[in-house]
Amino acid sequence: VLGKESIEDWDPATIDYQFRVNALGPLLVTQCLLKNLSQGSKIGFVTSRMGSMGDNGSGGYYGYRMSKAALNAAGVSMAIDLKDQGIPVALLHPGFVQTEMVNNAGNVDADTAAKGLLKRLDELNLENTGSFYHANGDSLPW
């Protein structure tokens, strides 16, 4: 379950773990798979609008927000690095999905979120590489 982590109540070990899972993990997996990618391949990172600076109206959730913002930064850098190889990269927010992480409090089921993410990947190209999209198609602020 996602902990709110306030400025008064947070654990460095928990935040470190979130960085390893949410930012370093996707970067490492992509690095390992890179030799299998070629022009026309696509990379989609499942991030969160909670990694947005412009969309943060509630504060808290320090580790989750920071780790997803780090993933967004990595994705933009990767989009620049891979553009000449013809490989676009998208940063994708699935929506507030009904999962255990949020005690099933989400407003979209996993199947609907997945369909939206696949649609965004279908639309991904070298002109919109490095963009930050909601599964519903909305462009999200950094």
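The values are calculated or read from the model by the stated rules, or taken from the named source; none is laboratory data. Bear in mind that the values here come from a model prediction, so they are computed numbers and not experimental data. Note that each Cβ is placed from the backbone with ideal geometry, even for glycine, and that neighbours are counted across all protein chains shown. Remember, those area values only see protein heavy atoms, side chains included, never the ligands or the DNA or RNA. Shrake-Rupley method; radii C 1.70, N 1.55, O 1.52, S 1.80 Å.
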Any residue that is at pLDDT below 95 and open to solvent by 60 Å² or more (accessible area, probe 1.4 Å) - is there at least one of those in the stretch 114-131? no
Among the residues of the stretch 15-35, are any in a loop (DSSP other than H, G, I, E, B) and open to solvent by less than 80 Å² (accessible area, probe 1.4 Å)? no
Among (1) surrounded by 14 or more Cβ atoms within 10 Å (Cβ to Cβ); (2) free of Cβ contacts under 8 Å to residues at least 24 places away in the same chain, there is one condition H93 misses while meeting the rest; what is its number? (2)
Could you figure out which of (1) open to solvent by 80 Å² or more (accessible area, probe 1.4 Å); (2) outside any helix (DSSP H, G or I); (3) in contact with a Ser or Thr (Cβ under 9 Å, 6 or more places away or on another chain) isn't true of F45? (1)
Residue satisfying all of: in the stretch 57-67; open to solvent by 60 Å² or more (accessible area, probe 1.4 Å) and within 18 Å of W10 (Cα to Cα); farthest from the chain's Cα centre (by Cα) among these: S58
Is it the case that the stretch 39-54 has a residue that's out of contact with any strand residue (DSSP E or B) (no Cβ under 8 Å at 6 or more places or on another chain) and among the β-branched types (V, I, T)? no
Options A79, A70: the member that is over 23 Å from G3 (Cβ atoms) and open to solvent by less than 60 Å² (accessible area, probe 1.4 Å): A79
Test set (1) outside any helix (DSSP H, G or I); (2) in contact with a strand residue (DSSP E or B) (Cβ under 6 Å, 6 or more places away or on another chain) - L117 fails condition number: (1)
Has the stretch 83-99 got any residue that is hydrophobic (A, V, I, L, M, F, W, C), in a loop (DSSP other than H, G, I, E, B) and farther than 25 Å from S6 by Cβ? yes
Listed by first then second residue, the pairs whose first member lies in the stretch 41-54 and is within 13 Å of Y133 (Cβ to Cβ) and touching a residue at least 60 places away in the same chain (Cβ under 8 Å), whose partner is of a type in the set (F, W, Y) and open to solvent by 60 Å² or more (accessible area, probe 1.4 Å), with beta carbons under 7 Å and at least 6 positions apart or on separate chains, are S52/W142
On the given criteria, is N104 open to solvent by 60 Å² or more (accessible area, probe 1.4 Å), farther than 22 Å from G54 by Cβ and of a type outside the set (S, T, Y)? yes
Would you check which residues across the stretch 132-142 are open to solvent by 60 Å² or more (accessible area, probe 1.4 Å) and free of Cβ contacts under 8 Å to residues at least 24 places away in the same chain and list them? D138, S139
